[in-house]
Each structure stands twice: as structure tokens, then as C-alpha cells.
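Heads up, the thing below is written out as C-alpha cells.
The values are calculated or read from the model by the stated rules, or taken from the named source; none is laboratory data. As the structure is a computational prediction, the values presented were derived from the model and not from experiment. Remember, those area values only see protein heavy atoms, side chains included, never the ligands or the DNA or RNA. Shrake-Rupley method; radii C 1.70, N 1.55, O 1.52, S 1.80 Å.
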Amino acid sequence: MILSNFIEILRFPFRKDKVLRKELKKILGFYPDNIEYYRLALSHKSAVRRASNGKRINNERLEFLGDAILDAIVGDIVYEHFPGKPEGFLTNTRSKLVKRETLGQLAKEMGLDKLIIAGNQHTAHNSYMGGNAFEALVGAIYLDKGYYACMRFMKKRILKQMINIDKIAKKETNFKSKLLEWSQKNRIRINFNLIEQKADADASPVFKYEVVLEDTIKGATGTGYSKKESQQAAAKGTLQMLRHDVNLLDSVFAAKADRTKMEEEPVMSLPEIGEGKPEEEVPANPERKKKPEPRQQREKKEEKAETDEFDLSDIRMKRMSHEDIIAAAEEAAWSEE
């Protein structure tokens, strides 16, 4: 490694791009072999650079490659640094280290953002440009020097000198996720409403979001150059408001109580039944069928049904006198003859 750097120093005055190589040496800790990889890594699509064949070239492909390499390297570093920690903790820590905001801040502190070639209208407020260039730079190192050179760069130049990995692991950065988690546990309705979208003086898009709790209670607003950035700002402000404003917290839970009371209140009035043919009564157990009756029992029921056709309840025997009894006996005697 020392010998190769010494050879590079000897060749340095005779090479092109001396300024770029010198600046990259400060950032990387070594001299590049193929400077074109790094020049490409620093070319934003707004610069409209073209190859000799006229095709537009930029750092998007290198950004894709560097993103994959970073995930593997940082995953390896986090796994070794936190032995025994569960998978969820490792994933969360890796996400914090490779997120665009973190990489963008690193690019700024390293001076990488000053080397980016971009159109003037895109440099003012593009919060992701530095982070994207950092990923592309890692892709360039991988193609120029290999995987282990990328690992050394991240360990010695980034994590050792610029980032406290233990502090990053404890720091909460996803405020939207925390606010949604709190609302779900407490069954609070929450919405992120876009209230304004415009372009600033440099034609960069600007978004403004507002948090609304229980459909009526307004939380904080957040502004940013992306939807994600503005929603994170609004979520962070809302969490701070809920933590410090007891009256706001009480009003949120009061609104929730009113909503749930209305949702759970029973309806006392019954629906009307229109006049018409009365509904047939449904037997208690319509599926149960009667067993067939024996023949003798069925015949007795039929005879009883025939006698039941005559109502004898109003017939009473009249009280007869002595003369009527003699007359009836004589009539019966004559009729027998």
C-alpha cells in the first residue's frame, strides 16, 4: 500500500486531473487508479455530460452499485460491532447509517459536495445530491480497488473518524414511524395532509405537510424539499407538541372518546314493517320431521274428527211429567208392534 502510494506520488505531476486526484486523496486516503470512475461518480444528471458517442452519462448507475455495496459493508460492520443484538436492532442501526440524510451530511463534512458536477438550478436545495454522490463514490471505489478497499474506507475514514456508531444506534430519527406507532397503540386517528406544494426561486420542489389528529385537531406542520422530509418534520413537531402540551393531549383523547362513543352507541328505533300478507310462522325446528303414525291411531283420529263436526253442547234433556212418561211408553210400545 505504501509502495503504491509512493509510485502514485512520483507519477502525480505528469498526470491529468491533478486537482481532482489531490482532493480525492484527502477524502479517500489513497490515490485513485482509474480517475474516470470517480469523475463519473461526481457527475449529477443535471450536468448533462455526454460520452464520445453522444450518450448522456451520470452517476445513477454507480449510485445503484454503491448502495448495494454499502448495505453489505455496513451490515458486516454492525454485525461485528453489536454481538448478541437481535435482528431488528441490527437492521434499524444499518438503516440509520446508510440513510440519505446521514450520507448527505457525511458528504458535506468530507467536502465531497464541493466536487459534484451539476447544473446550477439543482445545487441549491437538493438534499439528496450529496448522499447520492457518496453512494456513487463507494461504487467507484469498488470498481477501482475492490470490496475490501471499500471496507477499509468505511471503517477507517468514516466510522472511526466521523461517526459514533454507538450514538447513532441510540438516536431516533424516524419520527413519523414513532408517531404512527403511538397513534396505533392508543387507537388515535392520524393523517398527514399536503397543504402546499410549490417551487422555490431555484425551481426546486417544496412540500408542506400538516399532521391532523382525530380529524379535527391540528398538529405541527413541516416543510421540506421532498414529501418524506416534510412529513418527518411535521411528525417531529407533533411529538414535541404532545409531549409538552398537556391540554393538546387531553383534547386528542377527548375527541377520540366522543368518536368511539358515537360509533358504539346502539340504535334504539326498529325498522317499520310494511302492511301486507302476514309472514308465516316458522317452526322452532323446521328441519325436524314428524314420524309417521301407526294405522290404528290414525283411524281413531279420523273417527274423532267426524264426531267433532257436530256440536252437542247446547242440547239438554227436558224434565218430563208423569203423564209424558206414560205417553212416551205407550208410543214406544205401539211402534214396536
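Some values worked out for this structure:
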| read-out | value |
| --- | --- |
| At 1.002 mPa s and 20 °C, Stokes D of region 60-109 from Kirkwood alpha-carbon radius, µm² per second | 184 |
| Karplus 3J(HN,Hα) series, Hz, for region 32-46 with 6.51 cos²θ - 1.76 cosθ + 1.60 (x for Gly, Pro) | x, 8, 9, 5, 5, 4, 6, 4, 5, 4, 9, 9, 6, 4, 6 |
| For S43, distant residues with modelled amide H under 5 Å away | N59, I117 |
| Probe 1.4 Å - accessible area at M129, Å² to nearest ten | 20 |
| List K156, K99, ordered by accessible area with a 1.4 Å probe, largest first | K156, K99 |
| Where Rh is the Kirkwood radius over Cα pairs, Rg/Rh for region 69-152 | 1.04 |
| Solvent-accessible surface (1.4 angstrom probe) belonging to R39, in square angstrom, nearest 10 | 50 |
| Distribution of pairwise C-alpha distances over region 27-108, 5 Å bins, in % | 3, 12, 17, 20, 17, 12, 9, 6, 3, 1, 0 |
| Cα-only radius of gyration and Dmax that characterise region 190-244, units Å | 11.6, 37 |
| Accessible surface of V19 - all protein chains present, 1.4 Å probe, nearest 10 Å² | 110 |
| Rounded D (µm²/s) - region 165-225, Kirkwood Rh over Cα pairs, Stokes-Einstein at 4 °C, 1.567 mPa s | 95 |
| Accessible-area order (highest first, 1.4 angstrom probe) of the listed residues M262, M110 | M262, M110 |
| For region 157-172 and region 201-220, distance of Cα centres in Å | 31 |
